[in-house]
Structure formats: C-alpha cells, structure tokens
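Below is one structure; the comments refer to it alone.
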Amino acid sequence: MTGFLLFGSFIVLLILGVPIAVSLAMATMSAIIFSPDITLTLSVVTQRIFGGLDSTSIMAIAFFVLAGNIMTKGGISRRLVEFANCIVGGFRGGMSLAMVLACAFFAALSGSAPATVVAIGVMLYPDMVRLGYSKERTAGLLVVAGGLGPIIPPSIIMVVYCTITGASVGKMFSAGMGIGFMIVAVLMATIIFYAHKEKWPKTSKKLTAAELGKSFFNAIPALILPIIILGGIYSGILTPTESAAAAVIWALIAGMFIYKEVKLRDLYQIFLESAKSSAMVLFIIATSTAFAWLFAFAGISAQLVAFVNGLNLSAATFCLITAFILLIFGTFLEGIATAVLMVPVMWPIAQSFGIDVIHFGMIVSISNVIGTMTPPVAVNIFSASSVSKLKMGAIAKGQMPFFIGYVAVFFLVVLFPQITALFTG
C-alpha cells in the first residue's frame, strides 16, 4: 500500500505538471499521511530533506556550476574552441572535429551537458553554417558532443551518484575520462565518414606552427583548469569539493586578470545565475532523499530485491534491463531527477548481484546523458535549438548518426564491465 501511494501520487503529480522536486516531497508526505502501514509524523520529511544536503560532496555541485559560468563569461571557453580548431580545423569537416574536441575540453571544466551545448554552440555553430556545413547535421552533432559534459570529469551527475551510493568520486571520474575518450573517438570516426560521404567543407588555409603555438599559449590558463580539478583529486591533495572550489578561484583569476573579460560588475549576475541553477539541482536531491528514505523504511526496497533475485537473472541481464529502464525514464525526466529517483531503488538490487558500484554508476551516468538527447525532454536538443533556431524534429534527425555511435558505446559499457574496470585499475 505504501509503495502504491508513494509512486502513484508521484506519477499523478508529474502528469499534472508539478515540478519534480515538489512532486517528490508531496508524494512522500501523501504516503506518510494516508498509508495505514506508516506511523510517522510529517516532521520526518523536513528532517530527511535537510539531512539529504548534509554532505560536503554536494557542495562540489554548486562550485562546478559557478566555475562553468565564470569560464563561459570569462572567455575561457572561447580560447578552448580556438585551440581545438587549430588542431583539427584543416581537415575535411575539420570544424566538426573541432566542435567535438572543444566539447571534450569544455566537459573537463563544466560537468553539465546543456552548458556545454550552449557554450560551444554559440561560438562554432554560426561560423560552421556560414562556411557551408549543414544546419541540421551541425546542430545534431552539437547535441551529441555536448553529451560529453557529464561523462568527461568533472561531472555533476557522477557527484550526485557518489553521494547516494558512497562510491569513490575519483574512481568514477577515472572511468568517465576513459569512456569519454572512447565516445570522442567514435564521434570523430563518424564525422570523418560523413564528411567524405556528404562532401562537408574543407578549410584551404594552411595553419603555421607559429599560429598553433600562439593558440596553445592563449589557451594555457584554460587548460590549467582540468589539471587543478583532476590533478587535485587524483593526487589526493584535494577532495572533489576542494578541487571545485579551487577551480572557481582559478576561473576568476583567469577571467578577471589574465583574459580580463570578467568585470567586477559582472560577478553579481554570474553568482545569481549559478545560485539559481545550483538551487534547482540541490532541491531535487533534498526531496528525493526523503522519498528514497521512506522507500527503504517501508521495506519496499527489500521486497523488490527479493523479487528480482527470485527471477534468477544474471548480472549482465539485470544491467541490460536497468539500462533500458533508465533510458525510458530519461525520455521524460531530467537526468539528475532520474538518478536520485532510481538509484536508491536499483542500487540495492545491483549490490545483491555483486555488480561493481563504479560500473553501475557509469550505466546510470551515460543513460542519463542519452536522455538529454531523446525527446520529449531532451534538454540538449532544446539548448541546440536556442542556438540554431531549428525545430526539434530537424535537430533530432540530424543527430542520428552521432547518436547511434554514442548509444553503441553505452551498450558496450553495459555488457562489458571490463571496460569500466580497465579505466579504474
């Protein structure tokens, strides 16, 4: 009865258009009030909501969001785009290769898929269309390449997952780095194939060593950021939260004193936008903590584990089923909401199968990113639409070759846990 009230009320509230965070809180309260099996007061909801945010790891989310906004405003992302274009821009379809490389660079700073789409899209999309690249193909590539944001560390979704499961953030980031480069390789191979098949433009200008050196020199302050973030974590000198805070400080230094594109008057708006974005994510995490706690307290989690174990599934089959469930949820729920709702439900079952927490985390992370590319929610497509002014259907059609490659890597990761283990040691 409790499970029916908990999930039933949540689904009804979502259908009515109630925000996800509020739906989670109201569903939890409804189950406490109306379930005959529960003898709790509503004060437990507020206790669990505040308890859900009582974690230093969660602070990393706000810092990564702030660092990403400072980087975008401070000209850091533009230098990364220019450097990426200098490396691969001279080949047929070179600007498309540069887009993927720029998204990979920015992913190592941001941790957000929509932020990556917008930051790189506003700089590259207009020039690519002017040079003769297909609008639909370019916007579609932007959607999929933007999906590197939450995979190549730092990653907000990975921090959320580690907060829920207690997994090592460093190991999650290591796996994300390796798998992210796999996705980059697949996307670049797809670009090279279609660039020759569809005769994409080729830059005739020859790049000199001096120009490449100048571009690299200008990008050095931007390239230092991933070293601060990842080097601090992997060396053990800094925690993920401390690395995120250090990234904010360096982004301010680079934006205000090296590139001189962030002015003192700009900081208020940057902080305000970052606070709004962070608050939205943290509110979802807080209310989902209460929802997940009641789910476990009522014994539903244990019953579900016993039921799935009774089906005599293999670990690989369970991972495959989980992947499909998460992909379905990702089509109508925002990625972080899917993680905070489904991980507390699915992880105890995965544990009973002996599935590695990092491997399961990569399934959760990549499936949530695929959700950002899949209508109707598809925040990456909406973000690309705001940049390109194209309709959702046109972008979805243009992204298909790249989307198929991304999904292929995902299912390789799902079916072969050795891939994740390879990058985590």
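The values are calculated or read from the model by the stated rules, or taken from the named source; none is laboratory data. Note that the structure is a prediction, hence the values are computed from the model and not measured. Cβ sites come from the backbone with ideal geometry, for glycine too, and all protein chains shown count toward neighbours. Surface accessibility is based on the protein's heavy atoms, side chains included, excluding ligands, DNA and RNA. Shrake-Rupley method; radii C 1.70, N 1.55, O 1.52, S 1.80 Å.
Give me Rg/Rg_expected for region 85-139, where Rg uses Cα atoms only and Rg_expected = 2.2 N^0.38 Å with N residues. Don't jump to the answer; show the numbers that get you there.
Numbers: Rg = 10.9 Å, N = 55, 2.2 N^0.38 = 10.1 Å.
This ratio for region 85-139 stands at 1.08.
So what does the Cα-only Debye profile of region 340-393 read at q = 0.13, 0.26, 0.28 Å⁻¹, as log10 I(q)/I(0), no solvent term? Normalising to I(0) and taking log10 leaves -0.46, -0.95, -1.03.
The string of couplings for region 58-70 from the Karplus curve (6.51, -1.76, 1.60, θ = phi - 60°) is 5, 4, 4, 4, 4, 5, 5, 4, 4, 4, x, 5, 5 Hz, one whole number per residue in order, with x for Gly and Pro. Whole-Hz Karplus values for region 314-321 come out as 7, 4, 5, 5, 4, 4, 5, 4 Hz, taken residue by residue from phi with 6.51 cos²θ - 1.76 cosθ + 1.60 and θ = phi - 60°; glycine and proline positions read x. Structural descriptor for region 108-258: relative contact order 22 percent, calculated from alpha carbon pairs under 8 angstrom and at least 6 residues apart. Over the chain, DSSP H runs of length four or greater, each weighted -39,500 (n - 2.57), average out per residue to a 222 nm ellipticity of -24500 deg cm²/dmol. For the chain, the longest principal axis of the Cα atoms and the long axis of helix 300-309 meet at an angle of about 80 degrees. Backbone phi angles across region 127-138, fed through the Karplus curve with coefficients 6.51, -1.76 and 1.60 (θ = phi - 60°), yield HN-Hα couplings of 5, 5, 5, 5, 7, x, 6, 4, 4, 5, 4, 5 Hz in residue order; Gly and Pro are listed as x.
Of all the options 151, 321, 229, the one that moves most in a Gaussian network model of the chain with Cα springs shorter than 10 angstrom is 321.
Under a model in which nothing but the beta-carbon of Lys, Arg (+1) and Asp, Glu (-1) is charged, the chain shows a dipole of about 1480 debye around its Cα centre. Here r is the Cβ-Cβ distance between residue 332 and residue 306 and R0 is 45 Å; the resulting FRET efficiency, rounded to 0.05, is 0.95. Taking the 1.4 Å solvent-accessible surface of region 47-183 as the whole, the part contributed by carbon and sulfur is 59%.
Could you tell me how many cubic angstrom of Cα convex hull volume region 45-191 has per residue? Let's see the in-between values first.
Details: hull volume 17.1 nm³, N = 147.
Taking only Cα atoms, region 45-191 has a hull volume of 116 Å³ per residue.
In this structure the chain gives 42 Å² per residue of accessible area when probed at 1.4 Å with all protein chains present.
The distance between label points at residue 253 and residue 391 comes to 5.1 nm (points 7 Å beyond Cα on the Cα→Cβ vector). Surface composition of region 191-330: carbon and sulfur make up 71 percent of the accessible area, probe 1.4 Å.
Order 334-347, 386-399 from most to least packed using the mean count of other Cβ atoms within 10 Å. It would help to have the intermediate numbers written out before the result.
Details: 334-347: 23.1, 386-399: 18.1.
Put in order of decreasing packing, that is 334-347, 386-399.
Normalised by residue count, the chain yields a Cα convex hull volume of 142 Å³ per residue. These residues, 199, 171, go from largest to smallest accessible area, 1.4 Å probe, as 199, 171.
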